[in-house]
Structure formats: C-alpha cells, structure tokens
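The values are calculated or read from the model by the stated rules, or taken from the named source; none is laboratory data. Being a predicted model, the structure only gives us computed values, none of them experimental. Cβ sites come from the backbone with ideal geometry, for glycine too, and all protein chains shown count toward neighbours.
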Amino acid sequence: MLVIIAWRNVWRNKARSGVVIGSIVIGIWALSFGGGFMKSFLASYIQSSILHETSNGQIHHPEFSKDQDIKFSIANPEEIIGFLKMEKRVRKFCMRSLVNGMISSSRQATGVRIVGVDADQEAGVTRLDSLISQGQYFSDVSHPALLGEKLRDKLKVKPGAKVILTFQDINGMITAARFRVVGILHSSSLAINETSVFVLKSDINQLLGIPGAVHEIAYTTIPETDDQDLARSASLKFKNVKVESWQQLSPVLTFMQQWMGASLEILIVIIMAALAFGIVNTMLMAVLERVRELGVLMALGMKRSRVFVMIMTETIFLSIAGGPLGLLIGYATISYLGRYGIDLSDYSQGLEAIGYSDILYPALLTSDYLQIMIGVVITAVIASVYPAWKAIQYDPVEAIHSL
Amino acid sequence: MATLIKATDISKVYHKTAVPVHALNHVNLTVREGEFTAIVGPSGCGKTTLLNILGGLDHSSSGKVEIAGTDITTMQDSRLIDFRLHNIGFVFQAYNLIPVLTARENVEFIMLLLKRNKKEREERAKQLLHRMDMSDKLHHRPAELSGGQQQRVAVARALASQPRFVLADEPTANLDSASTENLLDLMAEINREENATFIFSTHDQRVMDKAKRLVTLRDGAIISDISR
C-alpha cells in the first residue's frame with residue numbers, strides 16, 4: 001500500500017507533477033540529442049581520418065616512423081600482401097612510396113610529402129578518386145600529380161600546370177623532376193589539402209632509384225573489426241615490420257574518443273543535477289504541504305523509516321515517470337537525424353578547416369541509452385533523500401496541530 | 001474492571017516562550033477498561049496535552065504513565081511508535097484521513113502496518129465500515145465524504161487494530177448536530193457491546209451528556225472527577 005500511496009501522491013497535484021515530469025522528458029531528450037550530436041561530431045572526424053589519412057592500419061619498416069628515410073622500405077612486401085589477401089578481416093590494401101621534398105611552381109615553392117601510389121589500389125582504400133574537385137584522377141599523361149585545394153592556392157596553379165618536385169634519391173643526390181597537375185583534391189583533411197602531393201608510385205620509385213620499393217602498406221578492414229587485435233596478430237607474424245592500428249597511428253583520435261565518452265558523462269551529470277534541484281524543490285513543497293498528514297501517519301504508528309521510504313518512493317516515481325517518454329522521443333530524434341543527417345553546410349568552411357564533415361549523423365548506442373536511464377535512476381534516488389529526511393524530522397504532535 | 005491507564009503525578013512544562021508554561025500540574029488519573037470518559041474544561045486547560053501524554057504522542061516533564069502495566073514515559077521513540085500502533089486508536093478533530101486512499105483503504109492502512117494479511121484486512125475494514133453505516137462509501141475518498149462520514153471512517157480506522165483504548169481529541173468539534181449525535185451513538189454502542197474504552201477531550205455538551213465519566217481540568221489540574 002505504501003507504493004499505492006506514493007503513486008497516488010504523485011498525482012495529487014497534477015499540474016505541479018506535470019511540470020516536473022515535463023522537465024525530465026525535455027532533459028532526457030536534450031541529453032540524448034546532445035550526446036548523439038557530440039558522438040556524431042567525433043565519429044565524423046574519426047571516419048574521415050581513417051578513410052583519408054591513417055586507414056584502419058598501416059605497415060612500415062620499424063625505423064621508418066623515426067627517420068622517414070627512403071632507405072627504410074619494407075623488406076618483404078609480397079609476403080605481407082599475401083597475408084593481407086588471406087586475412088578475412090582485411091577489406092582492401094594499398095602500397096605507397098613516401099619521400100619528403102619540395103614542390104615549386106612558377107610562382108611559389110613549399111615543402112611537401114610526396115606520396116607515390118598505385119592509382120587503383122589507392123582509390124580502393126582512401127577513395128582518393130572521389131575527392132577530385134577539378135581535373136581528373138590520374139591520367140595517361142607523363143608524371144601526373146594530384147594536390148589539394150589549399151596547396152593549389154598556395155602555388156597558384158590549376159590542372160594542366162607543371163610543377164617541379166625536388167627530393168633526395170637513394171644515393172643522397174638531389175633530384176628534380178617535372179610533374180603535371182592533373183587533378184585537384186577537395187578534402188577536410190589537412191594532410192591531403194595542404195601538405196601532400198600524390199604521384200604514381202612507379203614514377204617516383206624510378207626517380208628515387210628504388211624500383212619496387214614499398215614504404216607503407218595501408219589497409220582497411222570490415223566493420224566491427226578490432227583493429228588493435230588485427231595489428232597485434234600481424235605484428236606477431238611479421239617481426240621485421242611495424243604494424244600499427246589507427247589508434248596507435250593517431251593517439252589523438254583515441255584521446256578524443258575517451259574525452260567524448262567523458263564529455264557525455266559530464267553532460268549527464270550537469271543535466272541530472274539541474275533536474276535533481278527541480279525534483280527536490282517540488283518534493284519539498286509536497287512535504288511541507290502535508291506536514292499534518294505525515295504527523296498523523298507517525299501518530300498512528302507508521303515508523304519514521306517507513307515514512308522515509310514512502311517519500312523516497314514518491315520522489316523516485318515522480319523522477320522516473322518521464323524517463324521512458326524522454327528516452328523514446330530522444331531515440332526517435334536520433335533515429336531520424338541519424339538517417340537524414342544534420343546539415344551544417346552554413347558552417348562548412350570552419351568545420352572543414354578543423355577536419356570535420358559538414359553533414360553529421362547523430363547516433364547513440366544501446367549502452368548510451370542505458371547510461372542515461374541509469375543516470376535518471378541515480379538522480380531520482382539522490383534527489384529523494386533530502387525531502388524524505390525532511391519528512392521524518394517532524395514531531396507528530398506539532399505536525400498534527402500545524403495548519 | 002482492570003486498570004488500563006495509570007497516570008501518576010503528571011506535569012508538563014513548555015519552555016518555548018520566555019516564561020515557562022505549566023500545561024499540566026501533578027495530574028493523577030486512572031482509567032479502567034470499558035470506560036467512556038470525557039476530559040472536559042475550557043480551552044487551554046490542558047485537555048489535549050493530557051491526551052497526547054496518555055497516548056504516547058508527547059512526553060511529560062515529570063511523572064509516570066503506565067498502560068496495561070507498561071511504563072511508556074521512558075520508552076524510546078521507535079518503541080513508542082510500535083506501542084501506539086498495537087495499543088492505541090486515535091480519532092482527531094480534523095479527521096485526518098489519508099486523502100489518496102479510499103474509506104476502506106484508510107481503515108485497512110493500520111492493519112497493513114500491523115502486517116495483517118489481505119483477506120483479514122479487507123474483511124475487518126468492511127465489517128467496521130458496515131458498523132459505522134458506511135458500507136455504501138467503501139470506495140469513496142475522503143474528499144467525497146461529508147465531515148460526519150469522514151469522522152466515522154476515522155473511528156473505524158481507530159478500531160481497526162483492536163486497540164486497548166481509543167483517544168479522541170475533540171472528535172465532534174467540526175461536526176453538525178446530527179452528525180455528532182450519530183457518531184456519539186455509534187461510539188457508545190461499540191463501548192457498550194464490545195467493552196471498548198474511549199477517552200475524549202471535549203468542551204461539547206453533547207459529548208459530556210453521553211460520557212459515563214467526566215474528568216474536569218482547569219489550569220492544568222483535575223478539579224473534579226465524576227462517574228455516572
């Protein structure tokens with residue numbers, strides 16, 4: 001009957017309880033939407049980084065990441081390629097030659113990373129071909145080159161223009177070669193947009209004097225793959241190379257992922273704290289209005305502990321009554337926006353400058369919804385303690401004779 | 001008849017104001033089983049204070065109260081709550097039913113605290129409310145009942161736990177004449193037929209007329225004690 005009394009008490013003042021329940025619904029909806037939005041922001045950044053920069057994993061000579069000297073090429077690329085082809089978790093892979101150098105046009109010169117690629121393999125892994133905003137994706141012209149829009153603006157060139165790439169070959173000799181810009185890349189990735197030049201691997205290897213050399217193998221994996229586990233197992237198999245997952249290649253992404261998780265928790269705490277104050281306020285009003293009734297209950301023989309539990313139960317009912325509705329509306333909002341996206345194209349310039357996509361697709365995991373619901377329950381329990389404690393402080397005689 | 005309540009040298013002093021207020025001065029009172037007693041006197045004479053002390057709701061400043069041989073003056077709060085639940089029924093001036101419960105649920109509530117089973121609770125609640133001529137109002141909430149009807153439910157609630165005695169503080173103060181007559185007749189009938197002990201505080205002449213014993217208080221002291 002305590003439960004019945006508590007539940008009926010919630011609805012004694014429908015307007016007041018309605019306001020509290022409404023605020024809880026809005027709070028949970030805001031939490032779901034805010035959490036989904038924040039997560040989509042991060043997911044967009046991580047996906048973009050994996051797709052265009054790190055892939056799901058990369059393989060290098062163990063010394064390459066320290067020195068980046070062209071002599072540190074992978075010793076047994078065929079063997080590794082064979083493994084990647086056999087590995088079911090690997091979707092696509094590509095091989096690259098890498099060398100740092102200088103690019104110059106008739107107007108400007110700047111330092112760049114020259115990336116030698118196999119056109120088809122690269123398109124399969126990084127979808128580099130989809131980034132062409134001007135010109136075309138490699139062509140039959142001799143020594144074709146692709147560069148990002150920012151680098152194009154810096155060098156003041158356009159497709160068809162000639163640029164000179166200067167670098168040291170395997171013998172330490174300064175080598176310069178003429179390349180023709182065939183395509184311009186549009187990307188939110190800073191590396192693609194400003195600091196890299198993509199050429200054919202065969203062209204650059206010939207100029208470097210290391211035909212067939214491979215400095216980097218990048219691979220993508222099928223969804224739900226544990227990339228760190230795959231990197232570990234490949235490392236155990238090939239001792240003379242360094243296999244790294246995207247988490248190791250870009251620790252900042254891992255940090256951002258952890259930070260985003262913490263942010264969601266902080267958001268939950270802030271919103272729940274605000275809700276808790278509203279709940280406590282309402283329940284204190286309810287207790288103050290019922291001083292005489294509480295006094296009577298204690299006079300009749302209801303123990304203080306039972307009165308405490310009754311007020312706690314009432315507060316918890318009030319708090320969690322709006323929970324399912326808030327979650328349902330939040331789920332519906334996230335599902336809809338997750339499907340159709342949030343168009344932030346009005347801010348796309350700023351977003352792209354920091355590597356974000358201009359359309360975000362909010363998403364929350366079941367565990368996130370669970371976390372929110374647990375947050376509501378914890379808030380309800382915490383918010384119920386003070387009103388319940390207040391209710392049992394009254395002396396029955398004084399409470400009965402109060403107005 | 002056996003002694004039910006024995007109050008010995010009860011005094012109550014309130015220190016809430018600069019000058020202490022002596023609400024009761026060395027009161028001695030014995031109540032036997034089956035009595036139908038009215039404690040009467042003008043407002044502020046100490047009737048409610050005495051009733052609260054006899055019912056274990058308040059502590060006396062000095063003296064001793066024994067109920068069926070048990071000294072309740074030294075009992076701790078939690079034991080006293082339990083003692084009240086098992087031994088004393090209360091009827092208040094303002095009815096004080098639980099507004100969210102129906103008449104039947106209000107009567108059942110006390111038995112629920114006593115951990116009686118559902119069937120027993122329901123049967124006794126129905127039986128008591130029938131006795132109070134409230135059978136057609138079992139599922140009505142207090143707000144749907146008149147003052148007289150609410151007070152009859154309150155009496156049924158007070159009797160639900162089969163207490164040793166019922167304390168009724170100005171039970172008719174808010175009732176009209178017809179309701180007062182009706183309520184008093186019901187309580188007198190229960191007293192007569194079931195030997196239930198009732199102690200009222202009142203300044204209502206109609207209650208005084210029905211009472212078998214009149215204890216008159218003035219300035220915190222008993223000035224007369226007449227059995228009829």
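Filtering the range A:5-27 to residues that are within 9 Å of another protein chain (Cβ to nearest Cβ) and not in a helix (DSSP H, G or I) leaves A:Trp11, A:Arg12. Condition first: crowded, with 17+ Cβ neighbours inside 10 Å and assigned to a helix (DSSP H, G or I). Now tell me which residues in the range A:84-96 satisfy that. Scanning the range A:84-96 gives a single hit, A:Leu84. The residues on offer are A:Ser65, A:Ser55, A:Ser40, and the sole one that is in contact with a Ser or Thr (Cβ under 9 Å, 6 or more places away or on another chain) and of a type in the set (S, T, N, Q) is A:Ser55. For the range A:279-330, the set of residues classified as under 34 Å from the mean Cα position of the chain (by Cα) and of a type outside the set (Val, Ile, Thr) consists of A:Ser319, A:Ala321, A:Gly322, A:Gly323, A:Pro324, A:Leu325, A:Gly326, A:Leu327, A:Leu328, A:Gly330, listed by residue number.
Quick check: is even one residue across the range B:1-8 farther than 21 Å from B:His86 by Cα and either among the basic types (Lys, Arg) or within 19 Å of the chain's Cα centre (by Cα) (or both)? Within the range B:1-8 (the criterion being farther than 21 Å from B:His86 by Cα and either among the basic types (Lys, Arg) or within 19 Å of the chain's Cα centre (by Cα) (or both)), the answer is no, since none of the residues qualifies.
What do you reckon, is B:Ser146 modelled with pLDDT under 90 and within 27 Å of B:Val100 (Cα to Cα)? Considered against the rule, which asks whether it is modelled with pLDDT under 90 and within 27 Å of B:Val100 (Cα to Cα), B:Ser146 comes out as no. Does the range B:91-102 include one or more residues that are crowded, with 17+ Cβ neighbours inside 10 Å, within 13 Å of chain A (Cβ to nearest Cβ) and in contact with a His (Cβ under 9 Å, 6 or more places away or on another chain)? There is at least one residue in the range B:91-102 that is crowded, with 17+ Cβ neighbours inside 10 Å, within 13 Å of chain A (Cβ to nearest Cβ) and in contact with a His (Cβ under 9 Å, 6 or more places away or on another chain). Here A:Ala123 meets the list (1) hydrophobic (A, V, I, L, M, F, W, C); (2) without any contact (Cβ under 8 Å) to a residue 40 or more places away in the chain; (3) within 19 Å of A:Asp226 (Cα to Cα) almost entirely, failing just condition (3). Look at B:Ser201 and say whether it is part of a helix (DSSP H, G or I), modelled with pLDDT under 95 and among the hydroxyl-bearing types (Ser, Thr, Tyr). Considered against the rule, which asks whether it is part of a helix (DSSP H, G or I), modelled with pLDDT under 95 and among the hydroxyl-bearing types (Ser, Thr, Tyr), B:Ser201 comes out as no.
Which numbered condition trips up A:Glu244, out of (1) within 14 Å of another protein chain (Cβ to nearest Cβ); (2) modelled with pLDDT of 90 or more; (3) surrounded by 16 or more Cβ atoms within 10 Å (Cβ to Cβ)? Result: A:Glu244 passes all but (1). Within the range A:63-71, none of the residues are farther than 24 Å from A:Thr195 by Cβ and not in a strand (DSSP E or B). Within the range B:44-75, if we keep just the residues that are farther than 25 Å from B:Asn191 by Cα and within 12 Å of chain A (Cβ to nearest Cβ), the residue that is surrounded by the fewest Cβ atoms within 10 Å (Cβ to Cβ) turns out to be B:His59. For the range A:147-174, a residue qualifies if it is closer than 24 Å to A:Gln58 by Cβ, buried (at least 18 other Cβ atoms within 10 Å of the Cβ) and more than 29 Å from the chain's Cα centre (by Cα), and the qualifying residues are A:Leu165, A:Phe167.
Of all residues in the range A:258-287, count the ones that are aliphatic (A, V, I, L, M), touching a helix residue (DSSP H, G or I) at 6+ places or on another chain (Cβ under 6 Å) and crowded, with 17+ Cβ neighbours inside 10 Å.
If we filter the range A:258-287 for residues that are aliphatic (A, V, I, L, M), which is where we start, we get A:260, A:262, A:264, A:266-276, A:279-280, A:283-287.
Checking which are touching a helix residue (DSSP H, G or I) at 6+ places or on another chain (Cβ under 6 Å) leaves us with A:260, A:264, A:267-268, A:271-272, A:275-276, A:279-280, A:283-284, A:287.
Within this subset, residues satisfying the condition of being crowded, with 17+ Cβ neighbours inside 10 Å are A:260, A:264, A:267-268, A:271-272, A:275-276, A:279-280, A:283, A:287.
Qualifying residue count, the range A:258-287: 12.
For the range B:173-204, taking the residues that are touching a strand residue (DSSP E or B) at 6+ places or on another chain (Cβ under 7 Å) and hydroxyl-bearing (Ser, Thr, Tyr), the one that is surrounded by the most Cβ atoms within 10 Å (Cβ to Cβ) is identified as B:Ser201.
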